[in-house]
1. So what are the ³J(HN,Hα) numbers for region 334-350, from phi and the Karplus equation (6.51, -1.76, 1.60; θ = phi - 60°), rounded to whole Hz, Gly and Pro as x?
2. Given a Förster distance of 30 Å, report the FRET efficiency between D260 and M289 from their Cβ-Cβ distance, rounded to the nearest 0.05.
3. State the percent of C-alpha pairs, over all pairs in region 204-360, separated by a distance greater than 23 angstrom.
4. Report the calculated FRET efficiency for A43 and N331 (r = Cβ-Cβ distance, R0 = 41 Å), to the nearest 0.05.
5. F150: net charge of surrounding residues, Cβ under 11 Å, Lys/Arg +1, Asp/Glu -1, itself excluded?
6. Along its three principal axes, how long is region 292-438 when you only count alpha carbons? Whole Å, largest extent first please.
7. Evaluate the distance, in nm, between pseudo-label points positioned 7 Å from the Cα of K308 and of K238 along their respective Cα→Cβ axes.
8. 5 Å is the cut-off here: which amide hydrogens, built 1.01 Å from N in the peptide plane, fall below it relative to V329, excluding neighbours closer than 5 in sequence?
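What follows draws every value from the coordinates through simple rules; no lab data is involved. Because the structure is a prediction, the values reported are computed rather than measured. Backbone-built Cβ (ideal geometry, glycine too); neighbour counts: all protein chains shown.
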Amino acid sequence: SPKSGRTSISALLSMLGRSKHRALSLRRQRLTVIAFAILASIAIIVVCHQHDRGFIQSYIGSRQHPMALLSRLSVSRELSASRGRKRNSDVIRVPPRPPSCSARPITRHEKSKGEALSISYLQSVPSASSVAPDFAVSPYAPDVVVESDFIEVAGGGKMFYTKIGSGPPIIVAHGGPGLDHRYLASELSAFAKNHTVIFYDQRGSGRSHNARKDDEHITIETFVDDLEGLRRCLGYKKFTLMGHSWGGLLSMYYACAHPDRISSLILINSAPADQRGQNAFDEELGWRMRHASGKEAARIDSLSSNEKFHSLNATDIGAAYRALFGLYVSNRHSAGKLNLEFDTVAARSGFAISQKMEWSVPRIDLLTELTVTLKGRVPTLILHGFEDVVPSWTSEEISWAIADSKLVLLENCGHFPFVEAPGEFTAQVNDFLDQHRV
C-alpha cells in the first residue's frame with residue numbers, strides 16, 4: 001500500500017542517515033588519532049631538542065636499538081624535573097674536526113628555566129701541529145724520564161706503578177677491572193710535559209698480578225685503600241685523579257672517601273654511578289654483541305668463561321679484547337689503535353679479578369653521595385663520547401650530581417676518546433688542568 005511504501009522509504013532513509021553518521025564519526029576518530037600521533041611526534045622532537053641537541057642524529061648514526069631511545073627520553077624527563085635546582089656545571093658539545101685542524105671556540109648562552117647554560121661549539125681552523133704524537137717504539141714519550149717501582153699492599157704482595165714527567169701530580173686509574181695501564185700510556189703520557197703522570201696497575205692486574213686477590217681483598221674498598229696507599233707512598237698532599245671507564249667509577253669512590261686529597265677530578269667515559277645506568281650499559285652491550293659478526297662474536301665469546309679464557313695464548317687474548325672493544329667505539333678501526341699486548345699470566349689474573357669484582361661490588365648508588373660529599377670542593381671534568389656503549393646520559397647524571405663540574409660530550413666518538421678524538425680530548429684536558437693548576 002502507499003502508506004507502507006512511504007514507511008519503508010522513511011526507514012531506508014533513516015538507516016542511510018545513521019550509516020552516514022557512523023562513517024563521519026569513524027572518520028573523525030581516525031583524524032583525531034592521526035592528529036594525536038603528530039602532536040606526540042612533535043613533543044618527542046621538542047624534548048630531544050631541549051635536552052639532547054643532535055640526539056636524533058647520534059641515535060641514527062649509532063644504529064642503537066629503540067629501547068635506547070626510550071631510555072634516553074625517560075632520563076631527559078627526570079633531568080628536566082631536577083633543573084629547578086641550582087646548577088654549577090657547564091655542558092660543552094664538541095663536534096668532530098678533520099685531522100689537521102685546531103679549534104676556535106664559539107660560545108653562546110641559552111636560558112633553561114631561569115638559568116644560563118653555557119654551551120661551546122668548536123669551529124675548525126687549519127693548523128700544522130694538531131696531530132697527536134705517535135709513540136710507536138715505546139708506550140711513553142721518548143723525552144721523559146720513566147721511574148718504576150712497587151709498593152706493599154694490604155694482605156701481602158706488591159702493586160706496580162710508573163712515574164713520568166715533572167710538575168703537579170696526576171694519578172691515572174685504568175679501566176677493567178682486570179686490564180692494566182698500558183692501553184692508556186701512549187696517549188696520556190703526553191700530559192707529562194707539564195705534569196708528573198703516575199700510572200699504576202691495580203691489584204691483580206698487569207705487573208701487580210702477585211698482589212693478594214682472594215675474595216676478601218677484591219672489593220671496591222680495598223681498591224680505594226690501594227690508591228690511597230699509593231698517594232701516601234709518593235708523598236702527595238693533593239693530586240689530580242684521572243679515571244677511565246671502570247677507573248672512573250673507582251675514582252668517584254675514592255673522591256667520596258678522600259675528598260680533601262684531590263685537587264681536581266677527570267672522568268673519561270666513566271662507568272655509570274648508579275644501578276640504572278649500569279643496567280642500561282649491560283643492555284646496550286648485549287644488543288651490540290647480538291649484532292656482531294660471526295668472527296667477532298666467536299672471539300668475544302672466548303671472554304665469557306674461565307675455561308675458554310685459559311685456552312687462549314697472549315695473541316688470542318689481545319684479539320679477543322680488540323673484538324670486544326670494537327663494540328665500544330664509533331669506528332671499529334679505532335680499536336686497532338689501542339695497545340692491547342698481554343702477558344698470559346697477568347691477563348689470566350686480570351680476568352679473574354674482573355669476575356670477582358663483578359660479584360663483590362654492591363648495588364651502585366653514588367649520585368647522592370657525590371652531591372653530599374663533594375659539595376663543590378673538587379673541580380671535575382667529565383668527558384664522554386656519544387657513540388659509547390655506556391650511554392652518555394649516565395655522565396649527564398654525574399655532572400648534575402657534582403657541583404663545579406664541566407661535562408664535555410664528544411660527537412662521533414665512543415669509549416676511548418684519547419684514540420678516537422685525540423685532538424679534542426687533549427685540548428679539553430689541558431685547558432682544564434691549566435685552569436685548576438695547583
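1. So the J values, rounded to whole Hz, are 5, 4, x, 7, 6, 7, 10, 8, 10, 8, 4, 4, 5, 5, 5, 5, x.
2. Numbers: r = 42 Å, r/R0 = 1.39.
My answer for the efficiency is 0.10.
3. Details: 5702 of 12246 pairs.
Percentage above 23 Å: 47.
4. Values: r = 33 Å, r/R0 = 0.81.
That pair, A43 with N331, gives E of 0.80.
5. On the way: positive: K158, R207; negative: D149, E152, D201.
Neighbour charge sum, excluding F150 itself: -1.
6. Principal extents (largest minus smallest coordinate, Cα): 49, 35, 29 Å.
7. Result: 4.8 nm between the two label points.
8. Distant-sequence amide H within range of V329: H415.
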